[in-house]
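Down below is the structure, laid out as structure tokens.
Each value in this text was obtained by applying a stated rule to the coordinates, not by laboratory testing. Treat the numbers as computed from the prediction; the structure is a model and nothing was measured. Neighbour counts run over all protein chains shown; Cβ positions are idealised from the backbone, glycine included.
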Amino acid sequence: MAALSVPVIQQIIVALLWRAQLCYGLLTRLCGDAGFIVWGVIFPSLLILRPWLVIAVGLADTDSLAAHGLTLTVVGTLLLYPRPWW
């Protein structure tokens, strides 16, 4: 459930908090000069957490796909890297 909820929470935070900062300067009004430090802690931590949760879910459910373990690991690792055309 966490692997699904973290991206949703991150998108909600971006949609509400960052847009409020862009339109109304909410973070700088609430936190002063530390507003971007607050943003710099919240957003990257959620961004870093996303692939780790995907890996954790994959390791927790290892028998759901009948294939060689090394093949699945290589394919899963390749899918984690962003592509320039995405």
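Determine which single condition Pro51 fails, assuming it passes every other condition in (1) farther than 22 Å from Met1 by Cα; (2) surrounded by 11 or more Cβ atoms within 10 Å (Cβ to Cβ); (3) not β-branched (Val, Ile, Thr).
(1)
Select, from Ala67, Ala56, Ala34, the only residue that is of a type outside the set (Lys, Arg), outside any helix (DSSP H, G or I), without any contact (Cβ under 8 Å) to a residue 60 or more places away in the chain and out of contact with any strand residue (DSSP E or B) (no Cβ under 8 Å at 6 or more places or on another chain).
So the residue among Ala67, Ala56, Ala34 that is of a type outside the set (Lys, Arg), outside any helix (DSSP H, G or I), without any contact (Cβ under 8 Å) to a residue 60 or more places away in the chain and out of contact with any strand residue (DSSP E or B) (no Cβ under 8 Å at 6 or more places or on another chain) is Ala67.
Listed residues Ile48, Ile42; which is aliphatic (A, V, I, L, M), free of Cβ contacts under 8 Å to residues at least 24 places away in the same chain, assigned to a helix (DSSP H, G or I) and within 22 Å of Ile9 (Cβ to Cβ)?
Being aliphatic (A, V, I, L, M), free of Cβ contacts under 8 Å to residues at least 24 places away in the same chain, assigned to a helix (DSSP H, G or I) and within 22 Å of Ile9 (Cβ to Cβ) holds for just one of Ile48, Ile42, which is Ile48.
Applying the selection to region 35-59, what residues are small (Gly, Ala, Ser) and in contact with a helix residue (DSSP H, G or I) (Cβ under 9 Å, 6 or more places away or on another chain)?
Gly35, Ala56, Gly58
Residues are listed down the side, and each one gets a yes or a no for (1) surrounded by 14 or more Cβ atoms within 10 Å (Cβ to Cβ); (2) aliphatic (A, V, I, L, M):
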residue	(1), (2)
Val8	no, yes
Gln21	yes, no
Gly25	no, no
Gly32	no, no
